[in-house]
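A.B. asks: Submitted below is the structure of interest, expressed as structure tokens.
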Amino acid sequence: MSEMFDSTAQEPAAESSGETSSAFATRAKEKLLTQVKQEPVKTLLIILAGSILTSFLLGYCISRMEEESRRQRLIEGWMQEMTNWIREHGRMIAAPIKGGLEATRSAVEEVSRSGARARGNLPPFFQKQKRTFLNFF
């Protein structure tokens, strides 16, 4: 395995154009088998650690997606319940408000009418004065 990660190890400078991907795969497989034969415990330990880490990260990502999905379903269910409750109880909520608005409107109309009546009964503050010139006219 140290040969695979060793930067000073001799690598072919450039792959020839005639070399195929299957030849590259064969060469990589041979290097891996050689590494496993030389240091089997170290290689298997690295593979085991990598698979455990990969499994942990995959499980974490899946749990995050499930949590988000559960949260979304919870919000959608709550919104549906609120919509149903408003449909069922909306008129009961609106009835007192509507009654209060009607009472307010009738009170304002009554105050307006009584104000108009009171204004008609009081003498005006500003009466049109008779124009006179030194009390001659």
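The values are calculated or read from the model by the stated rules, or taken from the named source; none is laboratory data. These figures come from a predicted structure and were not determined experimentally. Cβ: placed from backbone, ideal geometry, glycine included. Neighbour counts: every protein chain shown. Side chains are part of the model used for accessible areas, which takes the heavy atoms of the whole protein and leaves out ligands, DNA and RNA. Shrake-Rupley method; radii C 1.70, N 1.55, O 1.52, S 1.80 Å.
A.B. asks: Ignoring ligands, DNA and RNA, what accessible area per residue does the range 25-92 give at 1.4 Å, in Å²?
C.D. replies: Details: 6110 Å² over 68 residues.
Normalised by residue count, the accessible surface of the range 25-92 is 90 Å².
A.B. asks: Which order do peptides 89-95, 41-47 fall in by mean Cβ count within 10 Å, highest first?
C.D. replies: Values: 89-95: 9.7, 41-47: 12.3.
Packing proxy ranking, top to bottom: 41-47, 89-95.
A.B. asks: With the full set of protein chains in place, find how many percent of the accessible area of the range 51-123 is carbon and sulfur; take the probe as 1.4 Å. It would help to have the intermediate numbers written out before the result.
C.D. replies: Values: 4320 of 6690 Å².
The value for the range 51-123 is 65 percent carbon and sulfur by accessible area.
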